[in-house]
Amino acid sequence: MEITCLFFVLATISSTGMGYRSDEFICKRITNDMKDLDTNFAGDNYHVAEKDGNSMTETKSDILKTYARDCLELYDKGEKRDGIYKVSPDDGCPIRVYCDMTNGGWTVMQRRKDGSVSFKRTWAEYVEGFGDLEGDYWLGLNQIHRLTKDGSQIYIHLQQYDGKWLYAHYKDFTVNNAVTAYKMNVDKYGFEGTTPEFLGYHDNMKFSTYDRDNDNYAGSCSFYHGDCGWWFNTCYRFNPNGMYNNKNVNGLSYYSDDYIYMKNSVIKLKRNKHC
Ligand SMILES: [Ca+2]
């Protein structure tokens, strides 16, 4: 902690309407650029000039604040309102996340609700995250890794075109670090739900995008299934990042004897407390 901690907490500049990624962006830039914290304070405020010319101010007390590691910790501390919070799962830069408190402190990692955000994205975008925290979005592989590396559950809600919601719950889900190409591990024996068990097929796979093929197929699964990113094998049993409102093999779907197309999705994470 100490100075490093101060630096990462400096990234608490937000509420400006910018994407949630800017927190990490600013944090990393400050960590790289700043040598002397005290000389950058004017009174009790710290000023950060954003790259687009906007300037933001953070108070010293905000900077010295520490963050809950995830939505579960916030929930346990009494936060019961669904919405956007800032968390720091480790000693890295804080990140903005959407917390589902109604169901007990889940951190949302993916949501499709109106198709307003394209999921045809590059490797770099899937790593960093994209979209609108209150709407369609992908949290980002780096953030998902940080939230799941000590052990997590994953809960998948899928809405059929007739409006009915299905769910798939796995008790053990982990995304490994960048060096492994964000390899995902899930325990299919820890599954329960109203969908078929479909995530086990993707266990131990690296992440793939249309510009980074790490799948087991001779071609590119991403290219053949909507240019989206996922832990493709050869190719999928579950493709929540497929094209929105699309009832062909590019679409948001799972596979069980045939492709089953879904309208909406919410995927969320919750740290396993024994870890
Ligand atoms: Ca391939």
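Values for this structure:
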item: Calculated FRET efficiency for the pair D132/A178, C-beta based, R₀ 35 Å, to 0.05; result: 0.90
item: Residue-by-residue Karplus 3J(HN,Hα) for the stretch 255-263, coefficients 6.51, -1.76, 1.60, Hz, glycine and proline x; result: 10, 8, 6, 8, 6, 10, 8, 10, 8
item: For F238, residues with placed amide H under 5 Å, excluding near neighbours; result: Y255
item: Nonlocal amide H pairs with D82, under 5 Å, H built at 1.01 Å; result: M101, T102
item: Computed lengthening from N216 to D258, 0.36 nm per intervening residue step minus Cα-Cα distance; result: 13.1 nm
item: Under Karplus coefficients 6.51, -1.76 and 1.60, residue-wise ³J(HN,Hα) of the stretch 198-206 in Hz, glycine/proline x; result: 10, 7, x, 4, 9, 4, 6, 8, 6
item: Vicinal HN-Hα couplings computed from phi for the stretch 72-87 (Karplus, 6.51 cos²θ - 1.76 cosθ + 1.60; Hz; Gly/Pro x); result: 4, 5, 4, 4, 5, 8, x, 6, 10, 9, 4, x, 8, 9, 10, 9
item: Within-13-Å neighbourhood charge of D187 [Cβ basis; K, R +1; D, E -1]; result: -2
item: Counted charge near E73, where neighbours are those whose Cβ lies closer than 13 Å (Asp, Glu -1; Lys, Arg +1); result: +1
item: Members of K183/K263; K164/K247; K188/K273; K86/K120; K149/K268 lying beyond 22 Å, as alpha-carbon distances in this model show; result: K183/K263; K86/K120
item: Amide H contacts of N246 (H built 1.01 Å from N, under 5 Å, at least 5 apart or other chain); result: L252
item: Counted charge near K113, where neighbours are those whose Cβ lies closer than 13 Å (Asp, Glu -1; Lys, Arg +1); result: -1
item: Sequence ranges 190-202, 258-270, 226-238, ranked by mean other-Cβ count within 10 angstrom, highest first; result: 226-238, 258-270, 190-202
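Readers should treat all values here as calculations from the given coordinates under stated rules, not as data from a laboratory. Computed from a prediction, not measured in an experiment: that's the story for all the values here. Positions of Cβ are generated from backbone atoms using ideal geometry, with glycine treated the same way; all protein chains shown enter the neighbour counts.
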